Amino acid sequence: MAVVVKYVVERNGVERMTFTTKKEADAYDKMLDIAESLELMLEKVDVPLSEQQIESLALEMAKEKDQFMAVLKGAKDAPAKPKKAKSDDNVADIKEKAASKTQI
């Protein structure tokens, strides 16, 4: 029997996401904090937005905060988003190896 440690990010009693590392869970929690602050700010703007639009916009802005910050600081173009390695890359490799073994 294996022991698996999971870090759960919970907001208002609702489980939002589960992570395998504390660092990832903390980063996601911080992103949710930023999104919450942005929602409060967006509710005060003079542009008519629905509650769903405000929530979605705040969440997207929080996800891409580094790019927004660069633009707000005067950058002409937003910096390129770094590509993250897919966590399922190893799964694809195993499947490919299994397929090649069955062909032999």
At R0 = 22 Å, FRET efficiency that the Cβ-Cβ distance of E64 and M41 yields, to 0.05: 0.90
Protection proxy ranking of 43-49, 19-25 - average other beta-carbon atoms within 10 Å, highest first: 19-25, 43-49
Potential lengthening between L72 and M17 on full extension [0.36 nm per residue; Cα-Cα distance subtracted]: 16.9 nm
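The numbers here are math on the coordinates, done by the rules we state, and not lab data. None of these values were measured; they are calculated from a predicted model. All Cβ positions, even for glycine, are placed from backbone atoms using ideal geometry, and neighbour counts span all protein chains on display.
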